[in-house]
Structures are given as C-alpha cells and as structure tokens.
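The values are calculated or read from the model by the stated rules, or taken from the named source; none is laboratory data. Note that the structure is predicted; figures quoted are calculated from it, not measured. Methodologically, a virtual Cβ is constructed for each residue, glycine included, from the backbone with ideal geometry; neighbour enumeration extends over all protein chains shown. The area values use the complete protein model at the heavy-atom level, side chains included, leaving out ligands, DNA and RNA. Shrake-Rupley method; radii C 1.70, N 1.55, O 1.52, S 1.80 Å.
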Amino acid sequence: MRIAFFDTHAFDREAFTVANARFGFDLTFFEARLTAATAALASGFPVVCPFVNDRLDADALQTLHAGGVRLIALRSAGYNHVDLAAAADLALPVVRVPEYSPHAVAEHAVALLLALNRKIPRAANRVRDANFSLDGLVGFDLYGRTVGIVGTGRIGVVMATIMLGFGCRVVAFDMAKRQELIDRGVSYVNLTDLYRVSDVISLHVPLTPKTHHLIDAAALQSMKRGVMIINTGRGALIDTPALVEALKQGQVGAAGLDVYEEEEGLFFRDLSDQVLQDDVLARLLTFPNVLITAHQAFLTQEALANIAQTTLESVRAFEQGRVMTNLVPFDGHAAHSS
Ligand code: NAI
C-alpha cells in the first residue's frame, strides 16, 4: 500500500520509518504542505497522510479523490483542517489519532507556565551575557494559586492532575464533568466564574464553531487583572488582536502560546532569513511576558511513536477491509475539530 505523507519533517519521517518496519508499506515523504495546489502530487497513492497545517478543503479533496486517494489518514488528533462535508460527499473516509500522549501536551503547557512565571528565557539570556541582575525576574508561588482548566478531556485531565500536584486550587469548565477530578478536589464552574477566579487559565478544548474566539475582548476584560493564559489547544480559541490589546493594558499578565490562529504557512518552517509579514505575530513577539512555541506540544518521542503506530494500524485496517476504529465522525455539519 502506497502512502503519501505531506508537510513532513525529519522527526516524523524517522518515527514513521521505524514504525513501518512492522507494516512494510511503501512510504513517500513530501515536504510540501497539502493544499489544492499540491494535491496532485498524491496521484496514484491510495492513502494520504496530512499534518495539522495542511488544508483539506473541497478543491484539495476533489483532486485527491480524482488521483485515486481512498483514505485520508491524519497524523494528528485535530481535524479542524478537513472539510468533512466534502470528504463525505466523495465517500472519502478520514481517520485520525485521537490519543497519542496527553502527557506530552499537558507537560508542554506546564513548561510554558513555569518558564513564563519564573522568566526563564529572559534569565537565561541575561546570564549568558554575564548579566547576573535579578531585577524584573520576580515570579509567584504556584502553590495556593487558582488554575482554571477549560476542557477536561484527555489532555485537560492530565493538566489538572499536574496542577493539583503543585498544590494549586483547580477549577474547571467542560460540558462533561469528570467524577475522578471532582473526587480529587477539582470544582466545575461556569466560564464566567472560571475567568473571575483564575490566576492561570489553560485551554484544552477543541476548536469548533462554539469555541472559536472563546477568549475574546469581553472574556479578557472579565478575567483577574494580571492573569496568565496558556494555549496549547488551537490558535483560534483566542481572538489574538484582543489578546494583544489586553497585554498592552496589563489586563493579561502573561501569555504562553503553542498555537496561533494564523500559524498555517508559518509554523514548522525556518523563516529566519525573511521579514515576518504577520504584524499581529510580530507585535506578540515584542512582549517580554509572551512566550511562543511553534505548535510543538505534541513533540515527544513517545507521542511520535504512538502517532506512527496508530496511523499505520488504521491504514492496515483499511487495506484489509476491517472496521477503522479511529474514523472521524461526520454528523452533517461543516467545520468540525478534534
Ligand atoms: P478531548 O476530546 O479528549 O477533550 C476535549 C474536551 O473538551 C472534552 O472533555 C469536551 O467535552 C470538551 N469540550 C468540547 N467542546 C466544548 C465546549 N464547547 N465547551 C466546553 N467543553 C468542550 O481532546 P484532547 O485530546 O484533550 O485535546 C484537546 C485539544 O488539544 C485538541 O482538540 C487539539 O486541538 C489540541 N491539541 C494540541 C496539540 C499541540 O501539539 N499543541 C496536540 C494535541 C491536541
């Protein structure tokens, strides 16, 4: 079975090559992002394997289908980049990797939180320059602080558990309450109360029409002054220009972002020899209290191995005509997420 991978990098080529020793598929790795313009590259491949910033709109899907593609095997949990209605019209099944390491993502959220709070990037840069001054590096004890977790699914529950370990008070918002968290002292509250009481807010809901710009200007103004916001979910959970404004006012005290709503075409690339054209991102990068990583929360050895294994298992099930357990459900509405 031939599989065409798009938007590939050394780390996923390596993980898939290792996992494929157990499957023996014919893997072709393209560096190009999958879009309507590049979809023809997959002509003759029954399976394509896209990544999070590929764009599988109706045009791209039609080109893939016309070229003989019969399975879309996403190597991600999120699927907000696929037009599921168009895929359903073409009878193109879409599978994903619903869980590969919630620990990888939650631990990265904690890394952003701690690095921001204790100003580690600034401190390390100073010391490297033989500047041993501590001015401007004051953080706060996490112990006893209130952390608001928005979304207590696979990743949110790990995040809540880690924060409980720090001795934080944890409040949470989710449509579905987890008894295991309530038993450990987590209080489920509505969003308004979560915003009002939290010193740190961490986002772990999928991007859907309902959660798009969940954190907008009004939400930001309803938060505690100086709140820290951590986003390892999806960029468009936050209205970024509104966040910039709230940072300028001091209403938001710090922001740790692994995702950005306009990251497509930017993240995963070395653009260091170019002039950054995105003015909102450029402004964000000027704040001393903003820490941005380029969608790397998933990037651990364990997660990469699990992603490769689960993806290739789905392809094997497809090849053998068995039920594919990781099918993305299509319920008839467009614009879904993971
Ligand atoms: P999950 O599906 O296990 O949990 C999501 C939770 O959000 C569920 O408990 C659900 O009830 C809740 N939820 C959904 N819509 C909601 C709404 N409108 N209001 C309140 N609660 C709502 O997902 P998981 O695995 O925890 O992942 C969360 C998100 O993290 C993914 O959707 C993905 O976008 C993002 N992610 C980011 C990665 C990164 O590298 N930065 C890697 C993996 C996931």
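Based on the alpha-carbon gyration tensor of the range 6-91 and its eigenvalue square roots a ≥ b ≥ c, which shape applies: rounded if a/c is under 1.5, prolate if not and a/b is larger than b/c, or oblate? Because a/c hits 1.5 or more and a/b exceeds b/c, the range 6-91 counts as prolate.
One Cα centroid belongs to the range 4-45, the other to the range 105-155; the line between them spans 36 Å. In this calculation the C-beta distance from Phe140 to Asp193 is compared with R0 = 25 Å, giving a FRET efficiency of 0.70. Arg145: net charge of surrounding residues, Cβ under 15 Å, Lys/Arg +1, Asp/Glu -1, itself excluded? In short, +3. Within the straight-line cut-off of under 19 Å between alpha carbons, the lysines reachable from Lys177 are Lys210, sequence neighbours fewer than 8 places apart in one chain being disregarded.
Taking every DSSP beta bridge with both residues inside the chain, roughly what % is antiparallel (nearest 5)? Close to 5 percent.
Here r is the Cβ-Cβ distance between Ser272 and Ile182 and R0 is 56 Å; the resulting FRET efficiency, rounded to 0.05, is 0.75.
Could you tell me what percent of the accessible area of the range 102-292 is made up of carbon and sulfur, with a 1.4 Å probe and every protein chain present?
Numbers: 4950 of 9200 Å².
Carbon plus sulfur share of accessible area: 54 percent.
Summarising the label geometry, the points placed 7 Å from Cα in the beta-carbon direction at Gln249 and Thr286 lie 1.9 nm from one another. Given Cα pairs under 8 Å that are at least 6 residues apart, what percent is the relative contact order of the chain? Relative contact order for the chain comes out at 19 percent.
Taking loop as defined by DSSP and a crowding limit of 11 other beta carbons within 10 Å, which chymotrypsin sites (Phe, Trp or Tyr not before Pro) in the range 105-189 fit? Display every interim value, and only then the final one.
Numbers: sites: Phe132, Phe140, Tyr143, Phe166, Phe173, Tyr188; in loops: Phe132, Phe140, Tyr143, Phe166.
Those that pass, being in a loop and sparsely packed, are Phe132, Tyr143.
For the chain, the solvent-accessible area of protein heavy atoms averages 45 Å² per residue (probe radius 1.4 Å; ligands and nucleic acids excluded). Each of Thr286, Asn117, Gly185 was placed along the dipole of the range 102-292 (beta-carbon charges, centred on the mean Cα), and the one lying farthest toward the positive end is Gly185.
Is the range 169-328 rounded, prolate or oblate when judged by the Cα gyration tensor, a ≥ b ≥ c being the square roots of its eigenvalues, rounded requiring a/c under 1.5 and prolate requiring a/b larger than b/c? Oblate.
Calculated mean residue ellipticity, 222 nm, the chain: -10000 deg cm²/dmol, from DSSP H runs (n ≥ 4) at -39500 (n - 2.57) each, averaged per residue and rounded to 500.
May I ask for the net charge around Phe45, where only other residues with Cβ less than 11 Å from the Cβ of Phe45 are counted and Lys, Arg are +1 while Asp, Glu are -1? Please report the intermediate quantities before stating the final value.
Working: positive: Arg2, Arg70; negative: Asp26.
The answer is +1.
The trypsin sites (Lys or Arg not before Pro) of the range 129-187 that meet both conditions, a loop assignment by DSSP and at most 16 other Cβ atoms within 10 Å of the site Cβ, are Lys177, Arg184.
Measuring nothing but how far apart in sequence close Cα pairs (under 8 Å, 6+ apart) lie, relative to its length, the range 102-292 scores a relative contact order of 19 percent.
If I stretch the segment between Arg118 and Phe25 completely, what's the gain in nm (0.36 nm per residue apart, minus their alpha carbon distance), one decimal?
Contour length minus Cα-Cα distance gives 28.8 nm.
Apply the a/c threshold of 1.5 to the C-alpha gyration tensor of the range 1-53 and tell me whether it is rounded, prolate or oblate. Let's see the in-between values first.
Numbers: a/c = 2.75, a/b = 1.37, b/c = 2.00.
Oblate, since a/c reaches 1.5 and b/c is not below a/b.
Its Cα centre serving as origin, the chain has a Cβ charge dipole (Lys and Arg +1, Asp and Glu -1) of approximately 860 debye.
Label separation (Thr161 vs Asp331): 2.7 nm, computed from points 7 Å beyond Cα along the C-beta direction.
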